[in-house]
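Beneath this line is the structure, given in structure tokens, with notes to follow.
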Amino acid sequence: MTKTVNHWIGGKTVEGTSGQYGPVTDPATGQVTTQVALASVEEVDAAVAAAKAAYATWGTSSLAQRTAVLFRYRALLDAHRDDIAALITAEHGKVHSDALGEVARGLEIVELACGITTQLKGELSTQVSNRVDVSSIRQSLGVVAGITPFNFPAMVPMWMFPLAIACGNTFVLKPSEKDPSAANLLAELAAEAGLPDGVLNVLHGDKVAVDGLLNHPDVAAVSFVGSTPIARYIHATASANGKRVQALGGAKNHMLVLPDADLDAAADAAVSAAYGSAGERCMAISAVVAVGAIGDELVAKIRERAEKITIGPGNDPASEMGPLITAAHRDKVASYVTGAAAQGAEVVLDGTGHTVEGFEDGHWIGLSLLDKVSTDSDAYKDEIFGPVLCVLRVETYEDGVALMNASPFGNGTAIFTRDGGAARRFQLEIQAGMVGVNVPIPVPVGYHSFGGWKDSLFGDHHIYGNDGVHFYTRGKVTTTRWPDPADAPAGVDLGFPRNH
């Protein structure tokens with residue numbers, strides 16, 4: 001009998017009642033192993049109602065109470081790293097070591113949430129006028145929602161709900177229906193840590209669930225990570241309904257390699273950043289821009305390394321790269337490689353025919369390397385979200401920066417060089433939200449904030465870090481005057497308040 005993943009609402013498992021289910025596939029075998037309940041509008045309402053009821057007490061709970069739960073939660077997550085990673089591998093397909101890395105990066109935000117007390121301190125100015133003080137505080141919003149992608153089924157939810165609940169909000173999480181089990185385990189461990197019922201709810205579903213949250217009058221804010229078209233839709237719809245929105249979209253991350261760079265280090269970085277997690281990450285390097293005469297040597301070094309990568313099931317310790325999430329996505333990724341030559345690219349490596357012995361029905365694709373790619377080709381313009389690396393050639397640093405800045409995306413970028421002056425100039429001139437200097441995947445640590453520019457972000461706030469705290473809270477300023485007991489009443493003054 002097929003296992004069913006149900007909702008987690010009000011501190012317990014709630015069986016789906018819509019009668020609609022989605023398949024969950026093991027990408028390594030191509031077999032459906034699980035079905036996930038898809039929520040109806042009524043089930044969306046039930047999840048939001050549970051969160052709203054919990055907010056009545058959680059929203060006024062003490063910081064000490066919240067952080068005590070989070071410290072216990074952090075310990076449980078640490079103890080269950082392997083269990084969470086195993087669920088990720090079984091449903092997403094990434095190798096176990098990569099899944100463990102995902103859990104570790106999510107834990108950074110839980111640790112940030114454990115220290116929320118310092119982040120929520122207000123400000124006070126005394127004697128701004130005669131016996132007048134002004135103070136500012138930050139307060140929670142209420143019920144907030146998170147809509148998260150398939151590629152990081154544990155990390156991205158952990159980028160959202162720990163900070164949200166630490167700030168005093170309650171949360172409804174709508175994870176990807178392609179790999180839903182990790183989200184349920186995260187919620188169960190939170191309950192074990194003592195999180196009150198209804199503070200964290202997991203609602204599984206498709207567009208019905210998404211639209212239900214975007215349109216629900218009791219949802220105050222929505223966080224989203226996914227593709228640019230959906231991020232634009234989330235932002236437009238939720239904003240039209242008066243909600244606060246942070247919607248992180250897609251990417252086409254470039255790596256500029258200058259002639260003075262350590263080409264071995266650059267090639268190592270390009271391979272790990274382009275093909276790690278099978279390229280299914282918004283911070284993957286998908287375009288290497290080679291400056292000057294180094295292109296041929298750099299491509300040769302990348303090819304040499306890429307040909308040695310071992311592809312296989314994620315639960316095999318020998319595997320360095322696993323399958324793609326679905327067969328349909330695998331076929332879409334392959335189409336960019338098969339069509340590249342007709343659009344002027346040189347296909348250095350073609351991974352489209354790759355299979356793994358004993359797992360022939362898995363969603364396999366090998367590593368592909370395209371050289372001399374033009375900026376008007378589909379492989380360059382689109383976010384492929386797979387193990388395909390494009391190499392573009394330019395003559396100068398200025399040409400490279402101009403090419404990169406012309407991209408509609410502005411998520412992450414990197415430069416490889418030994419020249420500090422060039423690196424400093426690049427940091428200032430490049431139009432992207434996250435920059436790496438000799439670092440290929442510049443995902444900020446938890447106490448900084450993650451987010452891009454241009455079509456990679458819709459909304460004013462980046463995710464986690466200081467931006468995350470500000471997103472999940474709103475400011476309030478109080479101006480206070482207390483009369484001195486020694487003074488007699490001064491009477492009524494109907495004039496405009498004076499500050500001096």
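With the full set of protein chains in place, find how many percent of the accessible area of the chain is carbon and sulfur; take the probe as 1.4 Å. Write out the running numbers ahead of the final one.
Working: 10920 of 20690 Å².
The value for the chain is 53 percent carbon and sulfur by accessible area.
Take every DSSP beta bridge whose two residues both sit in the stretch 363-487, then give the antiparallel share in percent to the nearest 5. Approximately 30 percent, going by the DSSP bridge assignments. Going by accessible surface with a 1.4 Å probe and the largest first, Thr478, Thr473 read Thr478, Thr473. Give the distance, in whole Å, between the Cα centre of the stretch 164-187 and the Cα centre of the stretch 130-146. The distance from the Cα centre of the stretch 164-187 to that of the stretch 130-146 comes to 25 Å. Cross-link pairs exceeding 30 Å in C-alpha to C-alpha distance, out of Lys207/Lys243; Lys207/Lys252; Lys12/Lys252; Lys178/Lys243, comprise Lys12/Lys252. Dipole check for the stretch 17-132: with +1 at the C-beta of Lys and Arg, -1 at the C-beta of Asp and Glu, and the Cα centre as origin, the magnitude is about 660 Debye. Given an 8 Å cut-off on Cα distances and at least 6 residues of separation, report the relative contact order of the stretch 163-233 as a percent. With pairs under 8 Å counted, the relative contact order is 32 percent.
Between the alpha-carbon centres of the stretch 436-456 and the stretch 273-305 there is a gap of 18 Å. When the surface is traced with a 1.4 Å probe over the full set of protein chains, Asp83 keeps roughly 80 Å² accessible. Only protein heavy atoms count here; on that basis, with a 1.4 Å probe, Cys167 has an accessible area of about 10 Å². Computed from point charges on the beta carbon alone (+1 for Lys and Arg, -1 for Asp and Glu), the dipole magnitude for the chain about its Cα centre is near 1620 Debye. Two numbers describe the Cα atoms of the stretch 108-257: Rg and Dmax, which are 17.9, 62 Å.
For the chain, a/c is not less than 1.5, where a ≥ b ≥ c are the root eigenvalues of the C-alpha gyration tensor, and a/b does not top b/c. That puts it in the oblate class. Database remark: amide H of Val36 closer than 5 angstrom to the amide H of Val5, Gly22, Val24 (H placed geometrically; neighbours at sequence offset of 5 or more, or on other chains; Pro and chain starts carry no H).
Rg and Dmax over the alpha-carbon atoms of the stretch 75-139 stand at 21.1, 66 Å.
Skip the ligands, DNA and RNA, and give the accessible area per residue of the chain with a 1.4 Å probe, whole Å². If you can, show how the numbers build up before the last one.
On the way: 20690 Å² over 500 residues.
Per residue, the chain has an accessible area of 41 Å².
Between the stretch 4-60 and the stretch 361-380, the C-alpha centres lie 36 angstrom from each other. Take the Cβ-Cβ distance between Asp197 and Thr396 as r, set R0 to 51 Å, and report the resulting FRET efficiency rounded to the nearest 0.05. After rounding to 0.05, the efficiency reads 0.25. Report summary: the helix-based calculation at 222 nm, which adds -39500 (n - 2.57) for every DSSP H run with n ≥ 4 and divides by the residues of the chain, gives -11000 deg cm²/dmol.
When both bridge partners sit in the chain, DSSP labels roughly 40% of those beta bridges antiparallel.
Look at the Cα gyration tensor of the stretch 1-129: its axes a ≥ b ≥ c give a/c of at least 1.5 with a/b at or below b/c, and that counts as oblate.
The values are calculated or read from the model by the stated rules, or taken from the named source; none is laboratory data. Just so it is clear, the structure is predicted and the values come from calculations on it, not from any experiment. Neighbour counts are summed over all protein chains in view; Cβ atoms, including those assigned to glycine, are modelled from backbone coordinates with ideal geometry. Protein only, heavy atoms only, side chains kept; ligands, DNA and RNA dropped before computing areas. Shrake-Rupley method; radii C 1.70, N 1.55, O 1.52, S 1.80 Å.
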